[in-house]
Amino acid sequence: MRDLVGLRQRGLNGWRAAERLFDAAFGSGLNPLRHLGAIGFLAFWLLAASGIVLYALFDTSASGAWRSIDALREVPLGLGLLLRGVHRYSADLLVLAMGLHVVREWLHGHAWGFRRFSWLTGVPLIVFAFVAAVIGFWLNWDQLGQFSAIASAEWIDALPLLPTPMARNFLGSAAVSDRLFSLFIFVHLGVPLLMLFGLWFHIQRITRAAVWPPRALLLGTLGVLALLALAVPVVSHDPASLARVPAELRLDWLLLFVHPLTDATSPAFVWALVALTLLTLFALPWLPRRTQRAAVAVVDPGNCSGCQRCFADCPYAAITMVPHPNQRVGRLLANVDGDLCAGCGICAGACPSSTPFRHRAHLVTGIDMPQWPVNALRARLRAQLEALHSVGVARPLIVFGCDHGAASARAADGAADASAFSLLCAGQLPPSFVEYALRDGAAGVLVAACREGGCEFRLGERWTVERLQGLREPHLRARVPAERVELVHAGPGDDALVAAALARLRVRVGALTASESDASHAWALARAPVHG
């Protein structure tokens, strides 16, 4: 187990290094490694759309299938080659995106706990994708399709399941009847429908699931597929002939790898490898972990107003709204499902009772994290600012960071004028705490959220940005001096970005004129209660 944990950590370090390289090339928001699930969905939609058009042009008889597909070469302007190429290369993209998505999720430890359901429902989708892809080659019924069909039949015959060998269906030309070909078409169309149903299950416990990548990434992917389809067109081999063995085949190694692997080893070995792989994928969520499960959010019925903001912001549909047991009819209460809760604290940052702009001896919020409650954060904020002032720091800086992002504490440790807070997620931060820090004497506040698309809890970075920009409730009030607030996107290993942002903030607040400083100081001392 220790070796497996070490392997995963080394792999995670390598993956993050690759992500940073892609961030530098595309920007974190358009980094394909951060949108693998959405790219997989895009490939599936492209397969469905191009497949419908191909089916309309397809001769479903065994004798006419090859001619109808080969005729696409004659369509003017290369549109036939474009259609066929997009269909094939989208299948390659789907398999590639799925494989990388599985690796990424495992490296990040996303097979356990509240993510177990998504992991387990995703494993069958791999089987569905390969079954549909392999049978798709058969429908063309050229030499490659013939080879794949016979090789698959012989591989299946290695299992003692069928009363008659499947390979008997390919002993002669008469054996490949229109009826058998109709069965191929039925499976090729039916399995993607099962896959669509499985995808719906796969994202059931994810709110705002990304089924489309960002527009620029979507258009770029479409462009690459189109160029690939025209530059390296997909063309048929010679028509299938059961009387002769194909001399040379252009294999799609991503989709048909099982055939050469079987030839190089044995059918039994490949069956054992496939079974072991699937059993391992299904078993991973049940293996013990070193890290303990995060504490779940706790609702205080006396302070929950039923506003539904935590319900709207929860990334994993862990919160539902139920009738309030002790209030008038129509009043709602947030209810947390402990099996679904990620322990991220995003709900606490969304709660309006976390942002009471008034004097209170003790902050009590409608929903909070027991290991890091809002009132404890408020008390620690005051204590650390008082400590900085007590040692003569004139312009203290506060850094709010994330446990899963850059090490904001390390960036602040080397600065005598800064104090850092590492939260469960940047989305746990109520925007009012920026104002609290400034009112308590901070000269500036730095909020370090994860890179775009890189939040451990999917939506924390997005909600943090929208709240600070006034686009989402609860929002940072417009009265907060913008020049005293800095936002930086920094993931694991991006400590230098946080340090650079802290330096920029220090220079900016230090360059304020005396009148601006006096005005800001007067604003910080304003303690008149403000309700809302």
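Some notes on this structure:
- With q set to 0.17, 0.25 Å⁻¹, the log10 of I(q)/I(0) for the stretch 3-61, from the Debye formula over equal scatterers at the Cα positions, is -0.72, -0.96.
- Summarised as an ellipsoid, the stretch 86-219 has semi-axes of 34, 18, 13 Å, derived from the eigenvalues of the Cα gyration tensor scaled by 5 and square-rooted, with the largest first.
- Here the accessible area of the chain is 64 percent carbon and sulfur, with a 1.4 angstrom probe and all protein chains present.
- Nearest-20 debye value, the chain charge dipole, Cβ charges on Lys, Arg, Asp, Glu: 1440
- Contact order, relative form, for the chain: 13 percent (alpha carbon pairs under 8 Å, 6 or more residues apart, mean separation divided by residue count).
- At q = 0.10, 0.22 Å⁻¹, base-10 log of I(q)/I(0) for the stretch 398-514 (Debye sum, equal scatterers on each alpha carbon): -0.25, -1.26
- Length-normalised contact order of the stretch 334-463 in % [C-alpha pairs under 8 Å, at least 6 apart]: 27
- Label positions at ASN375 and ASP300, each projected 7 Å from the Cα along the C-beta direction, are separated by 0.6 nm.
- Additional length obtainable on full extension of the chain from VAL364 to THR164, 0.36 nm per residue less Cα span: 64.9 nm
- Where trypsin sites (Lys or Arg not before Pro) fall in DSSP loop in the stretch 183-228, at most 15 other Cβ within 10 Å: ARG208
- Accessible surface of LEU219 - all protein chains present, 1.4 Å probe, nearest 10 Å²: 110
- Per residue, the convex hull volume that the Cα atoms of the stretch 192-314 enclose (Å³): 245
- A quarter of the convex hull surface defined by the alpha-carbon atoms of the stretch 72-161 gives 8.6 nm² as the mean projection.
- Coordinate range along principal axes, alpha carbons of the stretch 459-507, Å, largest first: 30, 28, 9
- Residues in the stretch 314-323 carry Karplus couplings, in order, of 4, x, 10, 6, 7, 10, 10, 9, 10, x Hz; the curve used is 6.51 cos²θ - 1.76 cosθ + 1.60 with θ = phi - 60°, and Gly or Pro positions show x.
- Working note: Karplus 6.51/-1.76/1.60 with θ = phi - 60° gives the stretch 202-216 the couplings 4, 9, 4, 9, 10, 7, 6, 4, 7, 9, 9, x, x, 4, 5 Hz, where Gly and Pro are set to x.
- Taking the DSSP bridge list for the chain and keeping only pairs wholly inside it, about 35 percent are antiparallel.
- From helices alone, the chain scores -16500 deg cm²/dmol at 222 nm; the rule is -39500 (n - 2.57) for each run of n ≥ 4 DSSP H residues, then divide by the residue total.
- Cut-off under 5 Å, modelled amide H: who pairs with GLU486 long-range: VAL445, LEU446, VAL447
- Extension gain (nm, one decimal) between MET321 and THR280, 0.36 nm per residue minus Cα-Cα: 11.0 nm
- Sequentially through the stretch 89-94, phi angles give Karplus couplings (6.51, -1.76, 1.60; θ = phi - 60°) of 6, 5, 5, 4, 5, 4 Hz, Gly and Pro residues having no value and appearing as x.
- Unit charges at the beta carbon, dipole of the chain: most positive-side option, LEU54, VAL123, PRO430: PRO430
- Put simply, the amide H of ALA418, placed in the peptide plane, has neighbours under 5 Å in LEU397, leaving out anything fewer than 5 places away on its chain.
- Overall Cα dimensions of the chain - principal axes, largest extent first, Å: 92, 51, 48
- Whole-Å distance, taken between Cα centres, linking the stretch 286-327 and the stretch 120-146: 41
- Note on surface exposure: SER63, SER50 rank SER63, SER50 by accessible area, highest first, 1.4 Å probe.
- When the charge dipole of the chain is built from unit charges on Cβ atoms (+1 for Lys and Arg, -1 for Asp and Glu) and taken about the Cα centre, the candidate among HIS202, LEU30, VAL399 whose Cα reaches farthest toward its positive end is VAL399.
- Scaled against 2.2 N^0.38 Å for its residue count N, the alpha carbon radius of gyration of the stretch 78-123 is 1.64.
- In this structure the chain gives 48 Å² per residue of accessible area when probed at 1.4 Å with all protein chains present.
The values are calculated or read from the model by the stated rules, or taken from the named source; none is laboratory data. The structure displayed is predicted, hence computed values, not measured ones. Using ideal geometry, Cβ is built from the backbone for each residue, glycine included, and neighbour counts are taken over all protein chains shown. For the accessible areas, the whole protein counts, side chains as well, though only heavy atoms, and no ligand, DNA or RNA atoms are used. Shrake-Rupley method; radii C 1.70, N 1.55, O 1.52, S 1.80 Å.
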